[in-house]
Each structure stands twice: as C-alpha cells, then as structure tokens.
Amino acid sequence: MKAPILVVDDNADMRSLMKLFLSGEGYVVELASDGASALARLREGLRPGLVFLDMIMKGVDGRTFLSTFETELPELFNGTPIVATSGLEVAHDLKISLYLKKPVDLATLKQT
C-alpha cells in the first residue's frame, strides 16, 4: 500500500479538488486545513509519502510548518518530499522538493 499524501491548505475548495484528483489517481489522501493541524497529525503518527503545502495560511503558515516539521521530526522531514503551492513566488531558501504556482494546473500535476 502506498503511503498517504498529505494536503495542507486553508482553502476548502483546493483541499477538495486535490483530494478528488489524487484519489482518482489511486492515492490515499489525508487533509489538513492549516499548518497546526498538519503538525498535530504528524505528531500523532501520520507518515505521508508526499506533502502538498500551501505556503500562505493563517496561523501556522507554510514556512513555520516547514521549520517546525524539520526541528521536531527530522528523520521524517528529510525523507518526505514537499511540494509547496502558492499564488506568490516561494523563497529559494526553503527546503522543498517542488514549487507549483496556484491555481495548481491538474494536467501539470499529473505529469509531475
């Protein structure tokens, strides 16, 4: 069984769209509405094979999520690809695997 994909986004429509698309591709998808709830899920033992992370969220944003994830769960952080999603340009100093500009184009996502 494939490791689940964690989608972290404060936009309910984006979460739903990503879940529908990824589930249709055969993946198990876990959802989190913000960085704090995503971190809680990781602390509880969720071990995603991939994380889609919205960078601009209220509360615990993407940058804070990344920093906390790396500090608290370094082994998991280092082994988990992270795809940052944002309507704005993402800083180059972030430890991410890929950046996708929002709105995410599903055809591009499928090729990735």
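The values are calculated or read from the model by the stated rules, or taken from the named source; none is laboratory data. These figures come from a predicted structure and were not determined experimentally. Because the Cβ atoms are built from the backbone with ideal geometry, glycine has one as well, and the counts that use them run over all protein chains shown. All accessible areas refer to the heavy atoms of the entire protein, side chains included, with ligands and DNA or RNA removed. Shrake-Rupley method; radii C 1.70, N 1.55, O 1.52, S 1.80 Å.
Per residue, the Cα convex hull of the chain amounts to 97 Å³.
The trypsin sites (Lys or Arg not before Pro) of the range 1-66 meeting both criteria, a DSSP state outside H, G, I, E and B (loop) and at most 13 other C-beta atoms within 10 angstrom of the site's C-beta, are K2, K58.
Of the accessible area of the chain, with the probe set at 1.4 angstrom, what percent is carbon plus sulfur? Provide the component values of the computation, followed by the final result.
Details: 3310 of 6120 Å².
Of the solvent-accessible surface of the chain, carbon and sulfur hold 54 percent.
Taking all protein chains into account, the per residue accessible area for the chain stands at 55 Å² (1.4 Å probe).
Taking 8 Å as the Cα distance limit and 6 or more residues as the minimum spacing, I'd like the relative contact order of the range 40-112 as a percentage. Computed over the range 40-112, the figure is 28 percent. The 1.4 Å probe gives accessible areas that order S37, S86, S97, largest first, as S97, S37, S86.
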